[in-house]
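The values are calculated or read from the model by the stated rules, or taken from the named source; none is laboratory data. Owing to the predicted nature of the structure, the values given are computational and were not obtained by experimental measurement. Counting neighbours? That spans all protein chains shown, and the Cβs are built from the backbone with ideal geometry, glycine included.
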Amino acid sequence: MAGFSVSNLKYMRRLSEMWPDEAAIGPQLVDQLPWGYLRVLMAYVDDETRGWYVRQAVELGWSRAVL
């Protein structure tokens, strides 16, 4: 694969640190969000707060601008 920017690679690494359980990414709500949403959500340090925003974005169909 080619074309990954340095910043996107850093985001990917951070994503894997925030959701370390590989199985947790697939069946959970975070799997239903596009990459841009996940990048916004990574700004929230607190797992509980981030989880709340993930649920709201999926259940209420929030846009990235709302996040």
Out of the stretch 25-55, which residues are at pLDDT below 80 and closer than 20 Å to A65 by Cα?
L29, V30, D31, Y44, V45
Being at pLDDT 80 or above, assigned to a helix (DSSP H, G or I) and surrounded by 13 or more Cβ atoms within 10 Å (Cβ to Cβ): is that true of L67 here?
no
If the Cβ limit is 8 Å and pairs must be 6+ apart or interchain, which residue in the stretch 50-63 that is over 9 Å from Y37 (Cβ atoms) and exposed (fewer than 14 other Cβ atoms within 10 Å of the Cβ) pairs with which residue that is among the hydroxyl-bearing types (S, T, Y) and at pLDDT below 90?
none
Scan the stretch 4-24 and tell me whether some residue there is assigned to a loop (DSSP other than H, G, I, E, B), under 13 Å from the mean Cα position of the chain (by Cα), modelled with pLDDT under 85 and of a type in the set (G, A, S).
no
